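Have a look at the structure below before the remarks.
Please treat every number below as a calculation from the coordinates, not as lab data. Quick caveat: nothing in here was measured; it's all calculated off a predicted structure. In this analysis, Cβ positions are derived from the backbone assuming ideal geometry, glycine residues included, and neighbour counts consider all displayed protein chains.
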Amino acid sequence: AAREALRFVTLMSVHGYNALDYKINLDWYSTVLFFVTFAVLGGVVLAYLLTVAWQSGQTKGVYTPSAAITRLGNLSIGLLVLWVVQFFAIGFYVWAR
């Protein structure tokens, strides 16, 4: 921390540089994508994994998931595929314009 404080003071006093003068450009799409990824995609996938792990541990013999758990697994895969597609689509859009 002392090294960074020394660097900051040196840049401000000797060179007149102040990093705090920069204008903040907030990118809402990236911010929303970050939080939605963890909340929605992470929540659904984690719920599926924990449910399957719990139920398979409670079952004697071979575990066969119920229809609801199978739908949750398919939803997890679908959301992941949708996330990857939108990620590359937005990337291509930004690159192409």
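Details
- Signed unit charges on C-beta, dipole axis of the chain, positive-most listed residue Val40, Ala5, Ser30: Val40
- Arranged from fewest to most other beta-carbon atoms within 10 Å of their beta carbon, Leu46, Leu26 become Leu26, Leu46.
- The distance linking segment 57-97 with segment 1-54 is 26 Å (Cα centroid to Cα centroid, whole angstrom).
- Derived scalar couplings ³J(HN,Hα) [segment 49-57; Karplus, 6.51 cos²θ - 1.76 cosθ + 1.60; whole Hz; x for Gly, Pro]: 4, 5, 5, 5, 4, 5, 5, 5, x
- Angle in degrees between helix 2-15 and the longest Cα principal axis of the chain, rounded to the nearest 10: 40 degrees
- Degrees separating the helix 67-96 axis from the principal Cα axis of the chain, which is the longest one: 30 degrees
- Just checking the listed ones, Ile24, Ile77, Ile69: in the Gaussian network model of the chain with Cα springs under 10 Å, the one fluctuating most is Ile24.
- Between Gly61, Gly16, Gly78, the GNM of the chain built on Cα springs shorter than 10 angstrom shows Gly16 fluctuating the most.
- If you plug the beta carbon distance of Leu41 and Glu4 into 1/(1 + (r/R0)^6) with R0 = 41 Å, you get a FRET efficiency near 0.70.
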